[in-house]
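In what follows, a structure is listed as structure tokens, so that the remarks can point back to it.
Each value in this text was obtained by applying a stated rule to the coordinates, not by laboratory testing. Computed from a prediction, not measured in an experiment: that's the story for all the values here. FYI the Cβ positions are ideal-geometry reconstructions off the backbone, even for glycines, and counts take in every protein chain you see.
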């Protein structure tokens, strides 16, 4: 299956310790498992712009959701808790 790189971006403010992440219907976006979500990173000096680039299947509709959360570390897993979300579909 052919793939393509897609850059996802969102504007938003995060408190110290918070991150923006994206989870979606394809394997590259965690197959809807928030534990496998892809973390976005702040862009340069713009603390309100967050981006990540992922490789997704070409020609396949992929649904995804951004969310803001924070990491909780336990003895067994590192998890991201969902706080807020926005829905988008790319096709």
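The stretch between residue 46 and residue 2, if pulled fully straight at 0.36 nm per residue, gains 12.5 nm over its current Cα-Cα span. Going by neighbour counts of Cβ atoms within 10 Å, the residues 31, 25, 15 line up, fewest first, as 15, 31, 25. Taking label positions 7 Å along the Cα-Cβ direction at both residue 11 and residue 53, the computed distance is 2.3 nm, reported to one decimal.
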